[in-house]
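Report on the following structure.
The values are calculated or read from the model by the stated rules, or taken from the named source; none is laboratory data. All values derive from a computational prediction rather than experimental measurement. Virtual Cβ from ideal backbone geometry, glycine too; neighbours counted across all protein chains shown.
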Amino acid sequence: MKGLRTEPLGARHDRSGFRCGVPELDDYLVRQASQDVRRRVTAVFVMVAEERPRRILGYYTLSSFAVRTTGLPEDEMRKLPRYPTTPATLIGRLARDVGEPGVGGLLLADALKRILASAGEVASALVVVEAKDPSTVTFYQKYGFITFRGCPRKLLFGLQSAGNPQNRQIPTH
Ligand SMILES: CC(C)(COP(=O)(O)OP(=O)(O)OC[C@H]1O[C@@H](n2cnc3c(N)ncnc32)[C@H](O)[C@@H]1OP(=O)(O)O)[C@@H](O)C(=O)NCCC(=O)NCCS
């Protein structure tokens with residue numbers, strides 16, 4: 001991550017110059033992201049290079065989420081109390097510019113670290129993502145995500161662990 005940083009989306013970022021290959025994810029940045037941030041329904045983080053801080057290399061969005069506990073994979077359910085729902089954080093969107101291979105993994109690792117850090121203030125036991133196609137499922141699985149029962153494109157990453165949540169091992173790129 002040398003020379004790269006992740007920060008909240010702001011007016012200084014060039015949103016219209018971003019191209020990830022999925023038009024809906026490009027359009028979201030231009031048309032919807034700032035409004036969602038203002039309304040506090042989504043937090044949007046962008047990755048930039050220090051020497052060119054206006055250009056967006058990639059972005060991800062985070063929102064709080066609740067998961068029905070009985071819908072979780074058995075192994076994950078065993079680690080959790082039997083509350084009807086389990087608090088989670090949703091990575092609603094994650095994309096990198098077509099010219100920036102490798103940034104996807106950095107974005108995901110950054111998102112997980114940020115979620116873990118904030119889970120000390122507002123608890124979140126799981127990270128949830130909805131992969132847009134089967135090949136993206138493989139991308140998330142590489143970083144330790146597992147699929148929900150009966151929902152092959154919905155994946156989770158458990159943040160709960162035996163000790164201090166701050167000690168949970170986060171995959172590095
Ligand atoms: C999916 C996406 C974020 C991956 O970003 P990336 O920069 O290519 O990912 P990385 O190079 O950091 O990949 C990390 C690892 O995952 C693998 N990987 C990346 N994309 C993959 C894919 N689509 N299928 C399978 N494996 C993939 C890489 O090969 C790499 O493995 P390696 O370290 O063994 O070589 C990127 O392709 C993207 O932004 N796509 C358009 C938007 C999108 O589909 N977002 C996902 C929404 S659910």
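Overview of values
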item: Criterion violated by residue 92 - all others in (1) away from the ligand (no atom under 12 Å from the Cβ); (2) within 19 Å of residue 116 (Cβ to Cβ) satisfied; result: (1)
item: Conditions (1) of a type in the set (Gly, Ala, Ser); (2) away from the ligand (no atom under 15 Å from the Cβ); (3) at pLDDT 95 or above; number of the one not met by residue 163; result: (3)
item: Residue in the range 70-78 that is surrounded by fewer than 19 Cβ atoms within 10 Å (Cβ to Cβ) and modelled with pLDDT of 95 or more present; result: no
item: Condition met for residue 103 (modelled with pLDDT of 95 or more and out of contact with any Lys or Arg (no Cβ under 8 Å at 6 or more places or on another chain)); result: no
item: Residues located in the range 126-161, provided they are among the hydrophobic types (A, V, I, L, M, F, W, C), touching a helix residue (DSSP H, G or I) at 6+ places or on another chain (Cβ under 9 Å) and crowded, with 19+ Cβ neighbours inside 10 Å; result: 126, 127, 129, 131, 145, 155, 156, 157, 159
item: Long-range neighbours under 7 Å by Cβ, at least six apart or interchain, first residue assigned to a loop (DSSP other than H, G, I, E, B) within the range 133-149, second at pLDDT below 95 and more than 8 Å from the ligand (Cβ to nearest atom); result: 143/171; 144/171; 149/71; 149/73
item: Residue match in the range 58-81 (condition: of a type in the set (Ser, Thr, Tyr), farther than 27 Å from residue 14 by Cα and within 14 Å of the ligand (Cβ to nearest atom)); result: no
item: Qualifying residues in the range 8-17 (those that are over 18 Å from the mean Cα position of the chain (by Cα) and closer than 18 Å to residue 35 by Cα) - the one surrounded by the most Cβ atoms within 10 Å (Cβ to Cβ); result: 13
